[in-house]
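Peer 1: Sharing a structure below in structure tokens format, with a few things to ask.
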Amino acid sequence: MIIECPNCNKKFSIDKKLIPEDGRTLKCSSCNHIWHYKITITKSIDDLGIPQDKKTNLETNNFEVEKKDDEHSKEINDENLTDKEQESLSEDKIENEEDEQDDIENEEENTEKQGIIKMILVYFIVVIISLLGLIFLLYTFKSYLISVFPTITPFFDSFYETLLDFKLFIKDLTN
């Protein structure tokens, strides 16, 4: 049986046995609209062109068939749907618990990684500052060191040029 959503007009195929005589509440999976659907019989016995003497037989047979179908659909609705709902709810709970555990584990891993990255960054900054301090210290005592080590002059000049390049580099980054 094909059912059409009254809100978005999307059509769905549903087993007729799942809808009892007094109808059922349905939810559209496309637009999430909720409505009560009741099966309506569109053709009457008069429209089928059946002679009058066979109408009474047909009406009683239809009534008995509908009654059996209703009893059968109620059994299916009461038993199978509640089992399916319970199964889906338990599966949802298990999935939610697994998702929560995964989130907690991911959070712990992320905090560990962030801590490691922060420590590496701190060590890198300490090394850079230490090297700069050493360069300034050596440059301060440049004249004394040149008198002891005369070949060190190009070394100091290259350090000085390197410091000027770093200064220009940082200025360019800030602009």
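Peer 1: Of Glu75, Glu4, which residue is modelled with pLDDT of 80 or more and surrounded by 10 or more Cβ atoms within 10 Å (Cβ to Cβ)? Let's see the steps before the verdict.
Peer 2: Details: Glu75 fails: modelled with pLDDT of 80 or more.
Result: Glu4 is the single residue among Glu75, Glu4 that is modelled with pLDDT of 80 or more and surrounded by 10 or more Cβ atoms within 10 Å (Cβ to Cβ).
Peer 1: Within the range 129-136, can one find any residue that is modelled with pLDDT under 85, out of contact with any Leu (no Cβ under 7 Å at 6 or more places or on another chain) and not in a helix (DSSP H, G or I)?
Peer 2: Checked against the condition, which is being modelled with pLDDT under 85, out of contact with any Leu (no Cβ under 7 Å at 6 or more places or on another chain) and not in a helix (DSSP H, G or I), the range 129-136 yields no hits at all.
Peer 1: Cβ-Cβ below 6 Å, separation at least six or inter-chain, first residue in the range 146-175 and touching a residue at least 24 places away in the same chain (Cβ under 8 Å), second part of a helix (DSSP H, G or I) and surrounded by 10 or more Cβ atoms within 10 Å (Cβ to Cβ): which pairs?
Peer 2: Correct list of pairs: Phe159/Ile135.
Peer 1: Considering only the range 129-156, how many residues are of a type outside the set (A, V, I, L, M) and over 59 Å from the mean Cα position of the chain (by Cα)? Talk me through it step by step, then tell me what you get.
Peer 2: We begin by selecting, within the range 129-156, every residue of a type outside the set (A, V, I, L, M); these are 130, 133, 136, 139-144, 147, 149-151, 153-156.
When the remaining residues are screened for being over 59 Å from the mean Cα position of the chain (by Cα), the result is 140-144, 147, 149-151, 153-154.
The total comes to 11.
The values are calculated or read from the model by the stated rules, or taken from the named source; none is laboratory data. On a predicted model such as this, the values are computed, not experimentally measured, just so you know. With ideal geometry, Cβ positions are generated from the backbone for all residues, glycine too; neighbour counts draw on all protein chains shown.
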